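Notes for the one structure printed next.
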Amino acid sequence: MKQEDSVNEQKITGVHSSAPVLELRGIRQTYFDDKTQKDFVVFDNFNLAVEDYPGMGQFIVLMGKSGCGKSTLLRYWTGLQKPTKGEVFIGGKPLEKNQSIPMVFQQYSSLEWFTVLENVALPLTLKGISGREAKEQAMEMIKVVGLEGHENKFAKMPQLSGGQLQRVAIARCLVANPNMLFLDEPYGALDGFTRAKMQFFLLEVFQKRELADLNPTIVLVTHDPREAVLLGNDIYIMDSNPGRIIKHIKPDLPDHRDRSIRKQAHFIEIVSYIEDVMDGIIQ
């Protein structure tokens, strides 16, 4: 069996829904370049449909070299940016004009003058939920992300570590929309040890019973092939000029993964394959 055939072997279970959980249709994105006095084309008729797997959720990974448009796709779905042309869908419905879904960025985004509890409760407070109810819901999400006992600390260093600050951001996003989470290289600023720890934390959150019934969709942008294979059900590798999908990989790995999986031969094989695609060795 060729390496590509082995790597692309699918292992997806569950009942498929008819409508993609996330979709982009006919996307065109241009920016005017002052130097050339011409439009720079990021996407030209870009299409992507992310399949929904009810009862198990989906963990989607976007990869590709800088400038291929990975982060732009997240901004479309979170309502932070509109494409020059094309349609954006979530759950089979067009993204509404004032619809906004939170996103976790590489930079720490917590309000330093707020406690952990106040930061996580903020989206609920802005929706008009009463203070007591907002704090109760926020506290439940703080427990989900493993920050119980830190809720009254201010969300800044050195009171919290970098990994804990990213947990605050994740909890704040999940409390606002518990079945949808977008992450744009959230661990890029962390050291290697903390990054590895946070990867398994995110995997645990995805598999937690508290969220499993919600059919969670997590979309992660990363440059790290090992991170992509550890976390992803579906891995999309992009190229640029214009931005497009060049590979779609569904790792044939167990749905529930632990630390030992990184030493398995097939895990290493998929990582190697992705590295070759990223380096242009495999077309």
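The values are calculated or read from the model by the stated rules, or taken from the named source; none is laboratory data. These numbers come from a predicted model, not from an experiment. Cβ: placed from backbone, ideal geometry, glycine included. Neighbour counts: every protein chain shown.
Looking at (1) out of contact with any Asp or Glu (no Cβ under 8 Å at 6 or more places or on another chain); (2) farther than 22 Å from VAL21 by Cα; (3) assigned to a loop (DSSP other than H, G, I, E, B), which is the one condition that is false for PRO54? Against the list (1) out of contact with any Asp or Glu (no Cβ under 8 Å at 6 or more places or on another chain); (2) farther than 22 Å from VAL21 by Cα; (3) assigned to a loop (DSSP other than H, G, I, E, B), PRO54 comes up short only on (2).
For first residues located in the range 125-153 and free of Cβ contacts under 8 Å to residues at least 24 places away in the same chain, partners that are part of a loop (DSSP other than H, G, I, E, B) and surrounded by 17 or more Cβ atoms within 10 Å (Cβ to Cβ) and lie 6+ apart or on another chain with Cβ distances below 8 Å form the pairs MET139/GLU151.
Residue-wise test of (1) surrounded by fewer than 13 Cβ atoms within 10 Å (Cβ to Cβ); (2) more than 25 Å from the chain's Cα centre (by Cα); (3) under 26 Å from TRP77 (Cα atoms).
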position	(1), (2), (3)
LYS97	yes, no, yes
ILE101	no, no, yes
SER109	no, no, yes
VAL120	no, no, yes
PRO123	no, no, yes
ILE129	no, yes, yes
LYS135	no, yes, no
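Does PHE182 fit the bill of being in contact with a Cys (Cβ under 9 Å, 6 or more places away or on another chain), buried (at least 17 other Cβ atoms within 10 Å of the Cβ) and within 19 Å of GLN58 (Cβ to Cβ)? The answer is yes for PHE182. Residues in the range 203-222 include at least one that is surrounded by 19 or more Cβ atoms within 10 Å (Cβ to Cβ), over 15 Å from the mean Cα position of the chain (by Cα) and not β-branched (Val, Ile, Thr). With a requirement of 1 or more residues that are among the acidic types (Asp, Glu) and touching a Cys at 6+ places or on another chain (Cβ under 7 Å), the strands (runs of 3 or more DSSP E) lying completely within the range 213-273 that satisfy it span 234-239. Just one residue in the set PHE40, PHE59 is modelled with pLDDT under 95, out of contact with any His (no Cβ under 7 Å at 6 or more places or on another chain), in a strand (DSSP E or B) and more than 21 Å from LYS85 (Cβ to Cβ); that residue is PHE59.
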